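To keep things clear, I will list the structure first and then write my remarks on it.
Computed from the coordinates by the stated procedures, all read-outs in this text should not be read as laboratory data. Because the structure is predicted, anything quoted here is derived from the model rather than measured. Cβ placement follows ideal geometry from the backbone for every residue including glycine, while neighbour counts extend to all protein chains displayed.
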Amino acid sequence: MTLPLYGTASHSAGFCSDKARSVVRLRAVESSAERHAADFALARTSVEVLRAIEANWPSIFVVSDGSIDLPSTFDGRLVAVPLKYNYLGDGDVLGFDHSSKKFRTLFRRNSAHNSFLITERCNNYCLMCSQPPKDVDDRWILSEIKESLPLIDPATRALTFTGGETLSDCEDFIAVLTECRDRLPTTAIQVLTNGRAFANSEIVDAWKAIGHPNLMAAIPVYASVDHVHDHVVQAKGAFDETVLGILKLKDRGQRVEIRVVLHALTAPIIEETGRWIARNLPFVDHVALMGLENTGFAIANDAMLWMDPMDYSDGLAKAVDYLSAAGVNVSVYNLPKCVLPKSVWPHAVQSISDWKNGFVDECNRCDEKNNCSGFFTTGRPRFSRGVRAISSPHHEFDSRGLASTASGE
Amino acid sequence: MARFLAPEAFSAATEDLSLLPFNLERTGTSQYLVSNMVGDFIRLTEGELNRLVDLQIQPGDGLYEKAYAAHLVTGTNQKAQRQLLAARLRSRMGFLQQVTPLHIFVVTLRCEHSCPYCQVSRQSTDRSRFDMSEETAMRALDIAFASPATRIKIEFQGGEPLLNFPMIKAIVAAAKARSGKKVDFVIASNLALLDDVVLEFCKANNILLSTSLDGPADLHNKNRPRPGGNSHELAVAGIRRAREVLGSDRVGALMTTTEASLDRVDDIIDEYLQQGLDGIFLRPLSPFGFAIKTKQFAKYDAQKWLGFYERGLRRVLDINRQGTPFREFYAALLLTRMLSDRPIGYVDLRSPAGAGLGALVYNYDGSVFASDEGRMLAETGDNAFRLGHVDQDSYNSLILSDKLIGAISSSLTQCAPECSTCVYESHCGADPVYHHATQGDALGIKPLSAFCARQKGIMGLLLDILENSPEDAAILRRWAAS
């Protein structure tokens, strides 16, 4: 199932009108952590609400479908949301719009998959984009992120910035990353970008100057040939800028991941693309070969893009071979083990964010379920004809009919 | 939602395309082998090649994609194709950043062996005439430490260097007492004189042993006579002892191919396997030990040697297919160049040549040579690669000597006739000493060069296996990977 990360509060009170939005952090009522102006006591029952008031919480966030009675003496800030947002917990951060009462969950402390959307603007227009770009002025999002950063648990292991094109407002975004360096120096920061901005050396120098100890630019390359990549991203000249950007980042010692999304335009040539990356860009830090998330533009272009992973698994295995043989760290994302050749299994990782990850009934009979990516629950999921439960160890029979147990499967 | 554009909207017009440099060789009736600037190979038909050269190609026709991915064409206004080639070329030539990493000290010319293929040994017992003096050794060390490389290797050679073991000890101690460089040590010895004292010293100073093993006992002893006729017995015992005391990766062996070896490559390889060695370096016959009667003889000789090499390589691949990892090291070197951009500074496989820039040789008498073969030439009266003397010269005066600059600049494969247009140029090397020895000219006429014939023969063979024998290709790729 998909976690609802957006919603509308059933009730709110006490917010001043000189500001359109607030960033809110939830705290357990009993939390002894130092209180920040953005902190709200998280209460799920009337009893917890009363305890929060006794503990002098000036702001209270209620998760409940029932009505909450507040003492008339309470004059602090209050937000109430329906019970379906019960996943919210201590340390989580939300953005809240005062007048519309709309909120978005920005950060879940207990999740390994936290990502901040930087902007919806993009200079690519990828045929399979899961987050279709909009040409709107959304610079308020960056301000909200700046406000959120001090509220994020510094022990957070990983954080992703995504878009849109994250480098659309390059200077402001780099300022955010610089703040991450100071506030979250031990957090692995991943930035999803089309990399085209890095064709400009000044931007690469600014990126290097951030100096975050664990910063990675994750950049898509869809082919070894210019026009194929440019068609996929619907931008002429993008391939040249993206590859140039990767070279400039690596020239300055920056960490780079290459991402290849697999669909009917990229998957049939994945062996060649893998070989080309292995030969030309073996110095990148990671290559992710990724199953398609069937949402956004991917649904609109389904007829052009859908390809059953069973039909490209041989080429995928060869691409993985070429890359590993060249010493490149390679992973396969978003594809369940049952559709992958065994040689690829060691590279297949559980990559789908927890809030949109699911399994089908067949998976309940599968011995690999706990080590499997499963499926996206977003959009209009499409399933390979190869999806079937795996039972291990396999008993295989040789020509004389003797059973042998294959190990390591 | 905006409309999506069709593939044609992203195609480059022919007039916006430019060719990038490439080399080619005809390999059959209207078949060509083509290599780009960094030596990636593709095969084209004559028709395809003509269309490519005329830029009669367009996105979607298959040839465009092949040529673009192989960096044979670029959009005229694009930068990435050229920058990729530049980055890769820079990586491949990275060995130039470590100037003169190898320093060979000939601590004595005396030897108790009397190998006919050796041009340098003396069986004299006259220590004062053929041993390196401490004064010479220390001056040579000054020169070695003046070289720019941050990590150097000091290799002790002879003669049989263990006949002057006290000088080895003195040089190791003096090198270790100096600061500023990381120093590795190798002793190239026949191991006949290896004893516990030497082994303990090697262990204490992390010294690598490199020895000679020409094959099974009869062949080895025929090639390498010594009093008692027990060279093989002593070498094998030495290898075993060194493996025990120093570790299996601390002793290596090299073979020299003689005419007697040519029919026996399987026996030679089996001998290496039996001694527990992890690979073999199938080396060509050295031109310095054989009379070069005619230039055609050298060429004919290369063909015979290539037959020997191919049988050997196929035997090594058999061994791997049967489950024992075992390498042919020359193939591994070439494959690393053909399949990766890791810088390989192997002295015979680089251009600019490795003479002087890759290694300097300090002879027992203080003369300094650009290569070990250059020293052998001097023993027969040819001083073409004698760069100077430790008493009169500094590192700079040796490296900037007219002799060295002349030999290196006149032999660059990047601009030499036949080499500059050769489809294998990226993976080959200039060998001015060899060509001087065989043709009296550092550059040489390549169609007459056995070096050239061997290089092209081996690379052609490796390409054939990579393209047509998947199981063997997987083994070869592993050799290139590490």
Tabulate in residue order the Karplus-calculated ³J(HN,Hα) for region A:194-205, using 6.51 cos²θ - 1.76 cosθ + 1.60 with θ = phi - 60°, rounded to whole Hz; enter x for Gly and Pro.
-> 7, x, 5, 4, 6, 5, 8, 4, 4, 5, 5, 5
Work through the residues other than A:ARG365 whose Cβ is under 14 Å from its Cβ and net out their charges, Lys, Arg +1 and Asp, Glu -1.
-> -1
Using R₀ = 51 Å, calculate the FRET efficiency as 1/(1 + (r/R₀)^6) where r is the Cβ-Cβ separation of B:LYS203 and B:SER91; round to 0.05.
-> 0.90
Note down the net charge around A:LEU5, summing +1 for each Lys or Arg and -1 for each Asp or Glu among other residues with Cβ under 14 Å from its Cβ.
-> +3
Among A:ASN194, A:ASN56, A:ASN114, determine the one that fluctuates most according to a GNM of chain A built with springs between C-alpha atoms less than 10 Å apart.
-> A:ASN56
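At 222 nm, what value in deg cm²/dmol follows for the protein assembly as shown if DSSP H runs of at least 4 each add -39500 (n - 2.57) and the sum is divided by all its residues, to the nearest 500?
-10000 deg cm²/dmol
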Added length on full extension, which subtracts the Cα-Cα distance from 0.36 nm per residue, B:GLU15 to B:ASP142 | 39.8 nm
In this structure, among A:LYS248/B:LYS66; A:LYS342/A:LYS369; B:LYS169/B:LYS203; B:LYS153/B:LYS203, pairs with alpha-carbon gaps over 22 Å are A:LYS248/B:LYS66
Go ahead and set up a Gaussian network model of chain A, Cα springs under 10 Å, then flag whichever of A:SER31, A:SER17, A:SER59 fluctuates most.
-> A:SER17
Alpha carbon convex hull of chain B, projected area averaged over orientations, nm² | 27.1
Could you give the length gained on full extension between A:ASN123 and A:PHE283, defined as 0.36 nm per residue of separation minus the Cα-Cα distance, in nm?
-> 54.9 nm
Exercise: per-residue mean of other protein chain Cβ atoms within 10 Å, B:73-83 = 5
Using the 4.7 Å Cβ rule, please list in number order the cysteines from chain A without any candidate partner.
-> A:CYS16, A:CYS122, A:CYS170, A:CYS180, A:CYS338, A:CYS363, A:CYS366, A:CYS372
How high is the FRET efficiency from B:ILE405 to B:GLN303, r the C-beta distance, R0 35 Å, rounded to 0.05?
-> 0.50
Which are the unpartnered cysteines of chain B, meaning those with no other cysteine Cβ under 4.7 Å from their Cβ?
-> B:CYS111, B:CYS202, B:CYS415, B:CYS419, B:CYS422, B:CYS428, B:CYS452
Residue mean of other protein chain beta carbons inside 10 Å, A:176-185 | 0
Fewest-first ranking of A:GLU165, B:GLU418, using other Cβ atoms within 10 Å as the exposure measure = B:GLU418, A:GLU165
Obtain the nm distance between the two label points defined at A:VAL47 and B:THR150 by a simple spin-label model: each point lies 7 Å from its Cα along the Cα-to-C-beta direction.
-> 6.6
Nearest 10 degrees, 0 to 90: helix A:238-251 Cα axis against chain A principal axis | 80
Simple spin-label estimate for B:ASP391/A:LEU5, 7 Å along Cα→Cβ, in nm, reads 8.0
Given Cβ charges of +1 for Lys and Arg and -1 for Asp and Glu, the option among A:SER64, A:VAL191, A:VAL47 whose Cα lies farthest towards the positive end of the dipole of chain A is A:VAL47
If one builds a Gaussian network model of chain A from Cα atoms under 10 Å apart, the most fluctuating residue listed among A:VAL23, A:VAL136, A:VAL320 is A:VAL136
Find the relative contact order for chain B and round it to a whole percent, using C-alpha pairs within less than 8 Å whose residues are 6+ positions apart.
-> 15
If Lys and Arg each add +1 and Asp and Glu each add -1, what is the summed charge of the other residues whose beta carbon sits under 15 Å from the beta carbon of A:VAL332?
-> -2
